[in-house]
Each structure stands twice: as C-alpha cells, then as structure tokens.
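Participant: Take this structure, written in structure tokens, and hold onto it; I'll ask about it next.
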Amino acid sequence: MRRKISILGSTGSIGRQALEVIEKLQDKFEIIALTAGENTKLLNEQIQKFKPKYAFATKTHQIEGAKVASLEEICSNRENDIILVAVSGKIGLKPTITAINNGIDIALANKETLVMAGDIVMPLAKKNGVNIIPVDSEHCAIHQCIKNISQVDSLIITASGGPFLKKSVTDMKNATVEEALAHPRWNMGKKITVDSATLMNKGLEVIEAHHLFNIDYDKIKVIVHPQSIVHSAIEYVDGSVIAQLGLPSMHIPIQYAISYPYRYEGIKSKSFSFSEIARLDFEEPDWNKFKALSLAYEAGKAGGSATVCLNAANEESVFSFLQGKIKLFDIIDNVEYMMSKHNNKQNPDIEEIFDIDSEIRALTKEKISKVLV
Ligand code: NDP
Ligand code: MG
C-alpha cells in the first residue's frame, strides 16, 4: 500500500526536492495535498503532475485542478499517514499541532515549530504516539545514529561555517545580500541561507536538537566541518562516536524522513566514495565572529519565551537585511538587544507564544525604522 502524504510548502526548496524524491518513488507514495504561499503558478504545475485531492495557496481563487483546503483542514484529514511540514516561518506551528492531535506522523523541516514551541509539541507528540522525524540534515543524522538516548554523552552537530568562515569580521560586517546568499554547500531558501551565514541557523538547530532528543544544552556541541559530509554525530558514554555521512544533498534526509522506517534507493544518484572525498576537516566555531550561536544557547538555556524572542527578532531582522535596510551584523545586534529587554515568560501556551512573537516582531521593526530615520 502506498503511504499517503501531504506536503505543506511544496513550492519551496524542501517541498520541490520532496516532490523530486516522490517522483522517483511513485509506487511508495500517494499525495493527498500540496500547499503553496504566493507561487500558485508552480503549485498548479505540481497539481497537474501529482494529482493531489486538495491544495492551498494564499490566493485560493488561482488554484486549478484540486479542491481548496486550508492548512488546518489538510492537517486534520486522517487519510494522511504523514505530513511533511516544509513551510517557512511560524505558520508551520498550528498545522503541526493539528496533525499531532489527529495522530498523523510528521516529517519536520520547519524549524520554528520546535524553536517556538518545542516544550508543547514534543510532549504532545509523545502523548498521541506520533513520530516526529526530522528533515534537517543534522537532526536526521542524529536520528539515524541514536539507539538509546540514556547512553548518549553528547550530540555533535556539524556546521559548514557558511560563506564567511574564512572571512574577517570586517568583510562580514560589510557583506552584501548577494555575498550572504552565496552558500558554499547548500542551496536553500533565502531566510535559512542568511541564517547559515551568521550561524544563527546552527543556533536554531541546537534548540531543535534539545527538543527532538530531550537532551541538555550542555551536552550539545557544535563543530565546524566545511565539507558538509559528516552531517552530525553522537558520542556515547563509553567514548564510541557514531556519525552519519553522505554527500551534501537534502534529497537524502527528506527521503529518509518521509520513508522512515524504510529505506529505498529512490533518488540516489551516485555512490559514496571516501577516496573521492579524500579529506574531512573540523574546527571549533569562532564564537566572537558568530555571536548568534552563543545567543541561541543563552535563549535555549533560559527556556520559556526566550527562544520565541530570539527567533522573532532574528527573522524580522533577516527580512530587513534582505531588503537592504540593515547590515548583516545588525541582525545579531538586534537579537541581542531584544533578548536583553525581554521579560521571559516560562511555560507560555500557544496563544501567548503567538502574542509574544508578534510583540517582538513589532519592537524589532520599530528599532530598525528608528535607526533608518
Ligand atoms: P522556502 O522559502 O524555499 O519555502 C517556503 C515554503 O513555504 C514555500 O512553499 C512557500 O510558498 C511557503 N510559504 C511561505 N509563507 C507561506 C504562507 N504564509 N502560507 C502558506 N505557505 C507559505 O524555504 P525552505 O524550503 O528553504 O525551508 C522551509 C523550512 O524548512 C524552513 O523552516 C527552514 O528553516 C527549514 N529547513 C530548510 C532546509 C533547506 O535545505 N532548505 C534545511 C533544513 C531546514 P511560496 O514559495 O509559494 O510563497
Ligand atoms: Mg541543517
């Protein structure tokens, strides 16, 4: 029987690659719903090709060839065996909760879901017997290496270091949008690419890992590995280290997450060759240059709404950077400033999380507009 799947964000970088995987595995998957934001043109092409029953886009009247359904409706449709949450931003959170409440497994790409509400989402998934399989390559690697969390000493998350790894702080301060978007290894959406340049992406991943694997922040390490071949590793209490390796392609973790616990040949294009790769380098991150990383640990350890603040201040600042309104380092300065002013609320509920998110976004925008005047 084919596994029934819906993709939230099928027009994005992860969503498009997921459809490439599914195209190769048509005998394994049946698509129930596809959703877009603005890009209805691509969504309609996808509908023609993959024939989902339901679809969503922000301009619903432009959808052709499928019944319109909201993200919430799609996520409460128990026909689904699994939902790939590949939308960007906070809109991923509520539909994910709806799917969990309906007992539907989740392949989770959207980082905000756990960064904003990991303390709510993970216990809820456990209570409902729902699997949350990470798509993010590092967490997918850890998911593949982990056997018994109680025997784990630490998680080792790898970071490519982004385009500024070998650049000076001054180069980074004066970086253009184009330079920040020129990621050496991964081809991703713009927001996450900027986060990879500041290493905020790695910070968000540390928070994601804390929630996914229920492990203390002190036991999560970050190591820079420019080749992006080792996708992450685990050190067990006896000193044994298990790492997951593979060529840097998001097809592999996407396919793993939607197929779990099965593995298929699928989209594999080439065999892995140690001799072709020849060398793997590792170095400690430069914590002074990449302050975002310390801020993320700080927010994670503080818990409560601190990570909501970190995420909202960062996302608004990244959007302003992409519009050419602020410089790359202003992103992190804004995050630090917002965190220093934030009145941390422990155990916020979902509505409080959204309120705090909106408040921080408004304050961040205000700060940016004041600087611009
Ligand atoms: P993209 O920006 O490429 O895609 C985002 C998707 O979300 C698009 O389909 C977009 O639609 C849709 N979307 C955006 N806003 C809305 C909205 N308001 N309503 C409905 N749909 C909306 O992002 P990525 O694919 O790069 O990333 C998706 C998520 O996965 C992010 O949270 C990211 O952090 C995470 N991730 C991504 C990785 C990658 O390699 N790209 C790796 C690991 C995690 P449209 O384009 O039609 O407007
Ligand atoms: Mg990642």
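Participant: I want to confirm something. Restricting to the range 205-219 and keeping residues that are of a type in the set (A, V, I, L, M, F, W, C) and crowded, with 21+ Cβ neighbours inside 10 Å, which single residue is farthest from K167 (Cα to Cα)?
Facilitator: Only one residue tops the list, namely L212.
Participant: Are any of the residues in the range 164-180 within 13 Å of ligand 1 (Cβ to nearest atom) and either part of a loop (DSSP other than H, G, I, E, B) or out of contact with any Lys or Arg (no Cβ under 7 Å at 6 or more places or on another chain) (or both)?
Facilitator: No: zero hits.
Participant: Given (1) within 17 Å of N110 (Cα to Cα); (2) modelled with pLDDT under 95, identify the lone condition not met by A18.
Facilitator: Status for A18: all satisfied but (2).
Participant: Related question: Only one of these is aliphatic (A, V, I, L, M), surrounded by fewer than 16 Cβ atoms within 10 Å (Cβ to Cβ) and over 21 Å from Q151 (Cβ atoms): L280, L247. Name it.
Facilitator: The match here is L280.
Participant: Given the options I356, I368, I332, I360, name the one that is part of a helix (DSSP H, G or I), over 29 Å from T170 (Cα atoms) and in contact (Cβ under 8 Å) with a residue 24 or more places away in the chain.
Facilitator: Every option except I356 fails the conditions.
Participant: Could you figure out which of (1) closer than 28 Å to D349 by Cα; (2) under 13 Å from the mean Cα position of the chain (by Cα); (3) surrounded by 21 or more Cβ atoms within 10 Å (Cβ to Cβ) isn't true of S137?
Facilitator: (1)
Participant: Among what's in the range 18-37 and is under 12 Å from G266 (Cα atoms) and within 21 Å of the chain's Cα centre (by Cα), pick the residue that is surrounded by the fewest Cβ atoms within 10 Å (Cβ to Cβ).
Facilitator: Here the answer is E20.
Participant: Tell me the residue from V85, V68 that is of a type in the set (A, V, I, L, M), more than 20 Å from the chain's Cα centre (by Cα) and within 14 Å of ligand 1 (Cβ to nearest atom), please.
Facilitator: The match here is V68.
Participant: Here is a follow-up. Pairs needed: first member in the range 238-264, on the phi < 0 side of the Ramachandran plot and at pLDDT below 95; second member anywhere, within 16 Å of ligand 2 (Cβ to nearest atom) and of a type in the set (K, R); C-beta distance under 9 Å; at least 6 residues apart or different chains.
Facilitator: Qualifying pairs under 9 Å: P248/R185.
Participant: Name the helices (runs of 4 or more DSSP H) wholly inside the range 22-137 in which the number of residues that are free of Cβ contacts under 8 Å to residues at least 24 places away in the same chain and in contact with a helix residue (DSSP H, G or I) (Cβ under 9 Å, 6 or more places away or on another chain) is 3 or more.
Facilitator: 40-50
Participant: What about K202, is it surrounded by fewer than 19 Cβ atoms within 10 Å (Cβ to Cβ) and touching a residue at least 60 places away in the same chain (Cβ under 8 Å)?
Facilitator: Spelling it out, it is not the case that K202 is surrounded by fewer than 19 Cβ atoms within 10 Å (Cβ to Cβ) and touching a residue at least 60 places away in the same chain (Cβ under 8 Å).
Participant: Out of the range 35-62, which residues are near ligand 1 (Cβ under 9 Å from one of its atoms) and among the hydrophobic types (A, V, I, L, M, F, W, C)?
Facilitator: Across the range 35-62, the qualifying residues are A36, L42, L43, F56, A57.
The values are calculated or read from the model by the stated rules, or taken from the named source; none is laboratory data. From a predicted model like this one, the values you see are computed outputs, not experimental measurements. Positions of Cβ are backbone-derived with ideal geometry, glycine not excepted, and every protein chain shown enters the neighbour counts.
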